[in-house]
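Working notes for the structure below.
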Amino acid sequence: MNPESNPARTESDLIPVRALNQATYCQRLYYLEYVESVMPINEFVEEGLFTHRRVDDPDLAHRSRKEGDITKTRGAALSSEYLGITAKLDLIEEEQGVVRPVETKRSAAPRDPAGEPTFWDNDAVQLCAQALLIEENLALPVSSGVIYYAGSRTRVDVPMTVALREQTLATIATVKELARRETPPEPLPPELRNRCFGCSLAPICLPEETLYLSTPKSVEQAPVTQDPTDSSISLLRVMAAKDERAVLYVQSPGARVGCRGAHLVVTIEGREVNRAPIATIRQIVVFGNAQVSTQALHALTQAEVPVVYLSGHGRFVASVMPAPPKNVGLRSAQYRVFSDRERSLGLARAVVAAKIANQRTLMMRSLRSQGVTRAVDEADPADRASIRASDEPAAREMSALAARVPGAPDPAVLLGLEGQAAALYFGNFSRMLKARSPGRSFDFTTRNRRPPRDPVNALLSFAYAMLAKDCFSAVCTVGFDPYQGFYHTGRHGRPSLALDLMEEFRPVIADSVVLSLINNGMLAEGDFLTWRDACQLTDDGRATFFRAYEGRKATEVAHPVFGYTMTYGRMLEIQARMLSGYVRGDLPAYTGFTVR
């Protein structure tokens with residue numbers, strides 16, 4: 001096979017030789033890293049960087065030194081326009097006119113059937129490409145190379161056979177073809193799935209989830225009807241169930257967040273009130289006129305910790321994020337898909353259906369513990385078994401509305417169905433609250449906002465603002481443009497996609513927190529301020545809210561499709577990644593998140 005020659009090719013068009021390693025190991029891994037430019041770092045990547053610390057030392061680059069009879073040159077940068085590849089070689093050894101490349105790998109050497117150390121095919125392809133570069137640039141034949149496996153401290157000789165050279169040239173051609181694709185290749189088949197273990201891209205690739213949702217199923221086997229407890233579903237969870245890091249809320253007027261070494265320090269009027277290692281923080285939320293120093297912002301962005309700014313009333317203002325992901329392809333696909341009327345309507349149907357289902361579930365749970373429980377106690381024993389929350393007129397009507405969602409012909413009809421369901425839901429919201437004497441602070445008659453005029457509405461609005469900032473972070477983490485949505489459209493400057501994602505989580509996160517705070521007596525009248533018909537939480541009330549909100553996000557729940565459990569906070573990112581899979585063309589549809 002002869003590689004194509006392109007005289008107009010620039011240095012940036014050349015394929016990094018290390019990419020051939022990824023493409024041989026997993027074509028999807030190559031595509032995500034080099035086409036979509038998604039390159040997360042995990043402990044294995046960090047270990048590899050540490051192993052290469054001497055190889056990558058710029059002070060040693062291109063320098064040769066004699067060690068006995070061997071001349072060693074480190075960090076040699078070689079390129080070939082003819083082959084279309086480029087590399088910075090770890091080491092070139094020359095001994096008595098024989099030249100060979102040496103590639104360092106952090107892992108241990110594999111063993112052949114006889115127990116002797118050997119090499120991985122993907123490592124051999126990378127090494128062979130280096131040999132081809134040496135032959136072209138130095139005009140010296142290369143008959144073999146060496147892979148040094150640091151994990152076992154083993155040097156393994158790799159002969160540059162005709163078969164290996166042909167495989168390397170074929171891999172170069174494959175990489176060029178992959179670069180022209182608009183969608184990623186499929187995940188590895190089951191017999192090669194062991195390669196996914198330890199891969200830094202696994203939480204983004206979601207190989208098992210993608211294949212599961214891509215497999216044609218009968219109506220009885222459709223994902224939306226799967227029981228999470230079904231033992232036939234055994235997907236390996238590749239994302240940690242929870243994030244142990246904390247959210248730092250800074251709300252005191254005049255508070256300042258500074259940086260001292262690897263710690264964040266919060267001061268008020270020069271007095272230190274809090275100190276925390278940056279490594280233990282996953283997000284900072286700043287209210288009103290609290291401040292974050294430039295030094296702290298630099299340290300936080302380097303650690304990829306977002307800083308969210310809210311107004312004193314809790315309205316989302318802005319978010320300082322690390323540099324946005326480089327996967328321009330996802331955003332291009334996002335604009336294309338969301339501009340397609342039918343596809344955007346299909347996504348909106350999935351979100352609204354999930355929202356109505358979750359509203360109905362929360363309502364029935366609450367009524368079982370409130371009104372229906374009392375009805376059972378008061379009913380004749382023979383009739384108690386027939387009294388169920390699902391028999392509530394509102395529950396039946398919401399179920400009927402949800403059944404009409406898949407057939408909604410346009411966004412206006414869909415919006416109407418969502419509005420009717422919301423009216424039923426909030427029309428029964430007062431029944432979800434524990435009975436109190438009339439005229440108390442937590443009476444609820446109707447939903448109001450901008451501004452909320454009573455404590456219950458103030459809590460709901462504040463909870464939705466907190467959820468919106470978390471959904472904003474989730475879609476940005478995945479690489480979406482948060483301002484281009486498929487359902488909440490038409491208003492300039494609104495983070496529409498974040499609002500789209502949060503719809504299905506409103507009842508199960510935000511509303512659930514509000515009900516818990518009120519029904520468990522965690523807040524009182526003194527935790528609210530009312531001024532000119534506008535009601536908001538006090539600083540102490542907010543502190544109580546934050547504890548309840550973070551506690552709810554830390555609650556583990558089973559995914560309705562995949563069966564494994566993780567926290568609500570993690571589910572936000574899982575759903576955002578499922579949406580990205582649909583937008584990229586990996587998945588045939590998007591399934592909203594629902595609870596039972």
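A few notes on this one:
- Take the conditions (1) at pLDDT 80 or above; (2) hydrophobic (A, V, I, L, M, F, W, C); (3) in a strand (DSSP E or B); A318 misses just one of them, which is (1).
- A count restricted to the stretch 498-550 and to residues that are among the acidic types (D, E), over 32 Å from the mean Cα position of the chain (by Cα) and under 16 Å from F444 (Cα atoms) stands at 2.
- Out of T161, T104, T73, one residue alone is among the β-branched types (V, I, T) and within 39 Å of the chain's Cα centre (by Cα). It is T104.
- Qualifying residue in the stretch 486-494 (condition: in contact (Cβ under 8 Å) with a residue 60 or more places away in the chain, of a type outside the set (S, T, N, Q) and in a helix (DSSP H, G or I)): no
- The number of residues in the stretch 161-189 being at pLDDT 95 or above, among the hydrophobic types (A, V, I, L, M, F, W, C) and farther than 20 Å from P16 by Cβ comes to 2.
- Considering residues of the stretch 302-327 that are farther than 27 Å from F462 by Cβ and among the polar types (S, T, N, Q) only, the residue surrounded by the most Cβ atoms within 10 Å (Cβ to Cβ): N327
- Qualifying residue in the stretch 100-108 (condition: in contact (Cβ under 8 Å) with a residue 40 or more places away in the chain, among the aliphatic types (A, V, I, L, M) and farther than 18 Å from Y149 by Cβ): no
- Considering the stretch 177-204, and only residues there that are closer than 14 Å to R584 by Cβ and out of contact with any helix residue (DSSP H, G or I) (no Cβ under 6 Å at 6 or more places or on another chain), the residue that is surrounded by the fewest Cβ atoms within 10 Å (Cβ to Cβ) turns out to be E182.
- Tally, over the stretch 321-354, of residues that are part of a helix (DSSP H, G or I), touching a helix residue (DSSP H, G or I) at 6+ places or on another chain (Cβ under 7 Å) and among the hydrophobic types (A, V, I, L, M, F, W, C): 10
- Matching option when the condition is of a type in the set (G, A, S), touching a strand residue (DSSP E or B) at 6+ places or on another chain (Cβ under 6 Å), modelled with pLDDT of 85 or more and surrounded by fewer than 18 Cβ atoms within 10 Å (Cβ to Cβ), among A543, A554: A554
- Taken over the stretch 575-596, the criterion of being farther than 16 Å from R506 by Cα and not in a loop (DSSP other than H, G, I, E, B) is satisfied by R577, M578, L579, S580, G581, Y582, V583, R584.
- Top-ranked residue in the stretch 247-274 [being charged (D, E, K, R) and surrounded by 12 or more Cβ atoms within 10 Å (Cβ to Cβ); ranked as nearest to C476 (Cα to Cα)]: R256
- L127 passes every criterion in (1) over 17 Å from A76 (Cα atoms); (2) in contact with an Asp or Glu (Cβ under 7 Å, 6 or more places away or on another chain); (3) at pLDDT 90 or above apart from (1).
- Here the condition is being under 30 Å from N457 (Cβ atoms), outside the structural domain of L459 (by TED's automatic domain parsing) and not in a loop (DSSP other than H, G, I, E, B); of R282, R275, it holds for R282 alone.
- Count - residues of the stretch 174-205 that are under 21 Å from M578 (Cβ atoms) and among the hydroxyl-bearing types (S, T, Y): 2
- Selection status of V561, out of contact with any strand residue (DSSP E or B) (no Cβ under 7 Å at 6 or more places or on another chain) and outside any helix (DSSP H, G or I): yes
- Residue check for S339: under 28 Å from Q536 (Cα atoms) and either within 21 Å of the chain's Cα centre (by Cα) or surrounded by fewer than 17 Cβ atoms within 10 Å (Cβ to Cβ) (or both): no
- Within the stretch 562-573, restricting attention to residues that are of a type in the set (A, V, I, L, M, F, W, C) and buried (at least 22 other Cβ atoms within 10 Å of the Cβ), the residue that is modelled with the lowest pLDDT is F562.
- Scanning the stretch 192-210 turns up one or more residues that are part of a helix (DSSP H, G or I) and among the small types (G, A, S).
The values are calculated or read from the model by the stated rules, or taken from the named source; none is laboratory data. This structure is a prediction, so every number in the text was calculated from the model and none was measured. Please note: Cβ atoms are built from the backbone with ideal geometry, for glycine as well, and neighbour counts cover all protein chains shown.
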